[in-house]
Every structure is written in structure tokens, then in C-alpha cells.
Amino acid sequence: MKYSTVVVALMAAVMIPALAIAQSAGPRDLNELKQEAQRRADRNLPPAGGVKPEDMREALAGLNSLEPDAWAAAFSRIGDRYVEKGKSQQAAAPRDAAESYKHAWEVYNTARWPTENSPGKKQAYAKALEAFQAYGRLIDPPLEVVRIPFEGKEIVGYLRLPPNVRPAPLLIGISGLDTRKEDVAATSDSFMRRGIGIFALDMPGTGQAPLKVDVGAERMYSRALDYLQTRSEVDAKRIVVRGQSWSGYWAALIAYKERDRIRGAVVHGVGIHGYFQPEWQSKGLTTREYLFDLFPARSAVYGVSTMEEFLAYGPRLSLLTLGYLDKPSAPMLLVNGEKDTQQPIADLYLMMKHGDPKDAWVNPAGGHMGRSTQWPQGQIVERVVMPWIERALSAPAQK
């Protein structure tokens, strides 16, 4: 397929990019979107995982438009209610207040999903940050908001360390295209039980990250590693990185560039070469595996607005083109599903054919990130990802 044909086909598939700000870029109409969003909430599936089914039902009942601000408003009203409840509980019942703030964040997080491309969604994201940090202050151990000076801006992250483990081994968790560092930090209880700390960061182009996606943007994670070496509570010699979905790319890149400073990298979702090609995007942008507005989310991380700019931007990010795949690396675990329609499984096999040996887990019936009915996200993390992280952190340091 010629490049020009791809551009035309994609414009037809996702409408005109300039309209993406005004209305949904698909692939579902309003009724289909409501049905699918409710189904995912009922089954605790991404991106509605954590949202109470009754809250989803209430929000969707008030949704009469595909415009981003309409979506944001429908959910934000419910989030506001949880915040008020949390405030009323905070003095007498801090644990209950923490739960209310967490529900507020979950609803606001849905309100701003998948990207903050309208005034209402930006406001929902600001409220999500406030609610999540209120939750983080009330849990035990609490979340610490970390701000690292970086090129005239700052890297913002959440650090949570297990009690009575000093210095603590650490996982650097990087959020994906439409998740945020709050999603990563919200899953930290399982790490606390295992005596592992977590440092949650946004990927470039999302959340509070100081950089857009570009060649060299991984330097923000090198700066984060510099910072962690100054924290005596952290065992800077026992750090593993995990990237989810889009951020599998950053985890892989860190494994090459920072192999002497990390014990390993979990590449959970492997998009490193074919993913960036126009031919793949011509299929990936129209997938129904994604709930809605995939083009607005993907184009936002580059900071581009037109389809032509988007398709031209991606190929230069290829780790094959950049010459990394045959370089030495830290140990890696590659995880994905054979039927992933968002990232090509061929990228996982490409990585296995190059460079140092790698561990891999592929679900033959799995979609994005390996998920399937038999292997939901929680099972993959508990039975595949977490044991590998524990082994990597306890293994002798590589020479």
C-alpha cells in the first residue's frame, strides 16, 4: 500500500483530524459506545476497570453527544459527589474518605479519557489529580508526590515504599497512551505486600510529563534514575522498569540505554518497529478493541494534529532504525497477545531475534497486552509479570 493511499484510507476511517476535537473519532456511534462502555464496566475491563457499574450507568444515561466536553461532564458530576463525600468523612473516618477519594479519581479519570483534548477534559484531569493525591495522603503507607527539576520544567511522580524494608527494591512503572501515572500508583498495594517500592511516572506526551514523544525523550527516565540514587530509602542497585502498552517502548529503550543501572525491564505491550509504520497504523487506528478516540490519543503524544503529520512522525522512533536491537541490554520480559490489534505481535518476535536472550510470554488467544477471557489483566500481572519482577530484583547483579 502506497503512503498516499494510507493517508486517504485513514482520513476516511477516522474522519477529518480537525474534527477530532469537536466529536468522537470513532469507531463507535453513541449507542454503540454506551453499550460497550457499560459492558466493560460490568466486567471490570479497561478502560472502565474500577468504575462502579452503577456509576457508569448513571453517567451514560446523561450522555447525549459524542463531544469530548459532553463525555467529561457526564462523569465529572459523579466525581464531584464522591469528593464531597470524602471531605465529610475525612475527620471521623479517614479510611472511608480514602475510598471515596479513590472512587472520585476513578470517575474523573474516565471523564478525561483517553486524552485531555477539550476544556472539560482538562478540568476533569485537574480534578483527578486532586482526588488521587487526597487518596494518596490517607493510605498506609502514603504516596509521596515527587518533583524532579528537569530542563527548566519538572518530572512529577509518585513514590510509595513498603514499611520496614530499607533500602527498598523498586519498580519504576510507566503509564501508557491513555493511562496516567495515577493508574500505575493505584495498583501499588500488591508491591507493598511483597516488600517492593513503586515509582510511578507518566510517559512522554501524557499527563504531567515534561516532554512530548520524540527521539531522545527517554532522557527523562535517566534523570529519574539519577534522582533515585539520592534517596537512601531506595536500593538503587535493585530497580526494574515496567512499561505498559505504548510504554513498553520506553521500558525496552531504558533496558538498552540504562542496562548498567537496572536489573531488568518488563516490556508489557511490544511496539518497537512495525507499530510506527503507516501500514500498521492504517489497521490499528480503526480497531474496535479500543473504546473510542484512538487517533486523538495517539496524535496528542506527538503534538501533531493532521493525519499526514502523524504518519510521517512515527517511523523515526523505530528501535530497529535507531540501531538498538542488536546492542547489549538488561534482561527483558516481553508480554503480549497473538491477536493484538493495537500493537503488532511481529514486533515481539523481532526483538527476540536480535540482541541478548529475552524471556517472553505470548497468549495465543490474547489481544492487547495479552488479555483474554482466560487471561485477564490481573492474572497476567500476578502469574507472569510479578514473579519475573521478583526474580529480577533478587538475582545477582549482572557484570
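The values are calculated or read from the model by the stated rules, or taken from the named source; none is laboratory data. Everything numeric in this text was worked out from a predicted model, so none of it was measured. Cβ: placed from backbone, ideal geometry, glycine included. Neighbour counts: every protein chain shown.
Quick notes
- Selection status of Gly264, crowded, with 19+ Cβ neighbours inside 10 Å, of a type outside the set (Val, Ile, Thr), over 23 Å from Pro114 (Cα atoms) and in the same structural domain as Tyr349 (by TED's automatic domain parsing): yes
- Output for the range 76-95, where each listed residue is more than 19 Å from Val51 (Cβ to Cβ) and either outside any helix (DSSP H, G or I) or of a type in the set (D, E, K, R) (or both): Lys87, Gln90, Ala91, Ala92, Ala93, Arg95
- Here Tyr256 meets each of (1) in a helix (DSSP H, G or I); (2) over 23 Å from Pro357 (Cβ atoms) with one exception, condition (2).
- Members of the range 113-133 found to be farther than 19 Å from Asp202 by Cβ and crowded, with 19+ Cβ neighbours inside 10 Å, listed by number: Ser118, Gly120
- When the range 194-206 is filtered for residues that are touching a residue at least 60 places away in the same chain (Cβ under 8 Å) and either within 27 Å of Glu390 (Cβ to Cβ) or of a type outside the set (Ser, Thr, Tyr) (or both), the ones remaining, listed by number, are Arg194, Ile196, Met203, Pro204, Gly205.
- Residues of the range 152-174 that are part of a loop (DSSP other than H, G, I, E, B) and in contact with a Gly (Cβ under 7 Å, 6 or more places away or on another chain): Leu161, Pro162, Val165.
- Selection of the range 283-302 for residues being assigned to a helix (DSSP H, G or I), at pLDDT below 95 and either buried (at least 19 other Cβ atoms within 10 Å of the Cβ) or among the small types (Gly, Ala, Ser) (or both) yields only Gly284.
- Selection within the range 191-213: residues that are of a type in the set (D, E, K, R) and either in a loop (DSSP other than H, G, I, E, B) or in contact with a strand residue (DSSP E or B) (Cβ under 9 Å, 6 or more places away or on another chain) (or both). The member of this set that is nearest to Ala252 (Cα to Cα) is Asp202.
- Going through (1) closer than 27 Å to Gly176 by Cβ; (2) part of a helix (DSSP H, G or I) one by one, Thr115 falls short only on (2).
- Any hit, the range 121-135, residues being without any contact (Cβ under 8 Å) to a residue 24 or more places away in the chain, out of contact with any Leu (no Cβ under 7 Å at 6 or more places or on another chain) and not in a helix (DSSP H, G or I): no
- Of all the criteria given as (1) over 20 Å from Pro387 (Cβ atoms); (2) touching a helix residue (DSSP H, G or I) at 6+ places or on another chain (Cβ under 7 Å), the one not satisfied by Gly243 is (1).
- Val7 being at pLDDT below 50 and under 27 Å from Gly367 (Cα atoms): yes
- Gly216 part of a loop (DSSP other than H, G, I, E, B), free of Cβ contacts under 8 Å to residues at least 40 places away in the same chain and out of contact with any Pro (no Cβ under 6 Å at 6 or more places or on another chain): yes
- Residues located in the range 282-297, provided they are touching a helix residue (DSSP H, G or I) at 6+ places or on another chain (Cβ under 7 Å) and within 18 Å of Lys212 (Cβ to Cβ): Phe295, Pro296
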